[in-house]
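This report concerns only the one structure given below.
The values are calculated or read from the model by the stated rules, or taken from the named source; none is laboratory data. The structure presented is a predicted model; accordingly, all values stated were derived computationally and were not measured. Note: ideal-geometry Cβ built from the backbone for every residue, glycine included; neighbour counts use all protein chains shown. We work out accessible area using only protein heavy atoms, side chains counted, and drop any ligands, DNA or RNA first. Shrake-Rupley method; radii C 1.70, N 1.55, O 1.52, S 1.80 Å.
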Amino acid sequence: MAALSNSLVRCAVVALLGLGLSACGSSADTRGNGDIAGNGRNPEELVLATVPDESSSSVQTEYEPLAKLLERETGRKVRVEKATTYASVIEGQRAGKIDIAMHGPLSYVAARRSGVALTPVAAQVEAKGDSSGYRSYAIVKRGSKLDRVADFKGRKICFVDPTSTSGYLYPMAGLQKAGVKEKDLQPVMAGGHDASALAVRSGQCDGGFAYDAMVDKLLVERGSAKAGDFEVIWKSEQIPGSPLTVSDELAPELKKKIVETFRNKANADYLEQQGFCEGEGCKIDGYWGFVPTDDADFESVRDVCRLVGEEQCVADQ
């Protein structure tokens, strides 16, 4: 899938995000002062955008403790925006309407490749002391006669979305290694990891892909599936944890405060200690918190992009 380049498309996806782009093609920001070419943007209000997990009903509530922490550390107001696609996040950052954003690994490297000025600073971990990262699973319904991804050839197979790292990119690499090309499949883009897995469970797809936690626990915890409903027939290599990014166009001192906050304080223990929340309410998207990351951590994603020919995330040579 080629990276977005048409200015009208960019304007449309930013409008979908609801960030109020005042003029197509303009990156001017009216939330504060500062000169991008000199001291950088220094907005009075910071916008944090995220594409939430399928179960998230209220991003504002989920991110409220983190937003309060950022407000205290930066002295700025913080507005959390829910985006429906990573494409809209990329274009919002390009237009200067998003200052901080959660990305998937694929959307991050695609954004960098397309010229968006951003830096990955932290990645989420489920528990204190964990390393960031996860895996893609190929799944079939319990009792299926398909027991390897090579058996997906000629079948109706559910993916998540062409911009999904674990729901499309790594699965395509796994299929390619097994001698299966996309043209050999009947691909279905389910739109979410839960939707992909549940389509397999219901028989709408013969097999499918979703990230590990969705299959291992989340669907069961939500009551959407039972333990043992799926058989995992393939696991990807470890995928780098989804990065939180900060705009490089922000004033250096402001950016430094944001980076330090996420790397050192944005975790459930600190948030509860400081009185921003209590217990499970201190977890963001179910994660304990953030650990440092940088661009080098995502070179393996670029390697997979090269393998499957995904030009959207391979740096120009």
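The residue pairs whose first member lies in region 93-105 and is among the basic types (Lys, Arg), whose second member is modelled with pLDDT of 95 or more, and whose beta carbons are closer than 6 Å, counting only pairs six or more residues apart or on different chains, are Arg94/Val116. Within region 186-207, the set of residues being on the phi > 0 side of the Ramachandran plot and either modelled with pLDDT of 95 or more or part of a strand (DSSP E or B) (or both) comprises just one member, Gly203. Within region 266-282, residues that are touching a residue at least 60 places away in the same chain (Cβ under 8 Å) and under 16 Å from Lys128 (Cα atoms) sit with their Cβ atoms under 7 Å from residues that are open to solvent by 20 Å² or more (accessible area, probe 1.4 Å) and assigned to a helix (DSSP H, G or I), at 6+ positions apart or across chains, in these pairs: Cys282/Glu272. Inspect region 158-174 for any residue being over 30 Å from Ala266 (Cβ atoms) and β-branched (Val, Ile, Thr) and give the result as yes or no. Among the residues of region 158-174, not one is over 30 Å from Ala266 (Cβ atoms) and β-branched (Val, Ile, Thr), which makes the answer no.
Report, ordered by the first and then the second residue, all pairs with beta carbons closer than 7 Å, sequence separation of six or more or different chains, a first member in region 117-131 that is farther than 16 Å from Thr261 by Cα, and a second member that is exposed (fewer than 14 other Cβ atoms within 10 Å of the Cβ). That search, which allows pairs on different chains as well, returns Lys128/Asp269. Against the list (1) touching a Ser or Thr at 6+ places or on another chain (Cβ under 7 Å); (2) open to solvent by 20 Å² or more (accessible area, probe 1.4 Å); (3) closer than 16 Å to Glu73 by Cβ, the condition Phe276 fails is (1). Can you say whether Thr61 is open to solvent by 50 Å² or more (accessible area, probe 1.4 Å), of a type outside the set (Gly, Ala, Ser), in a loop (DSSP other than H, G, I, E, B) and at pLDDT below 90, as far as the supplied structure shows? For Thr61, the condition - open to solvent by 50 Å² or more (accessible area, probe 1.4 Å), of a type outside the set (Gly, Ala, Ser), in a loop (DSSP other than H, G, I, E, B) and at pLDDT below 90 - is not met.
Under the condition of being under 26 Å from Ser131 (Cα atoms) and crowded, with 19+ Cβ neighbours inside 10 Å, the residues counted in region 223-265 number 16.
Is region 210-218 home to any residue that is within 13 Å of Gly167 (Cα to Cα), open to solvent by 10 Å² or more (accessible area, probe 1.4 Å) and among the β-branched types (Val, Ile, Thr)? Yes - at least one qualifying residue is present in region 210-218.
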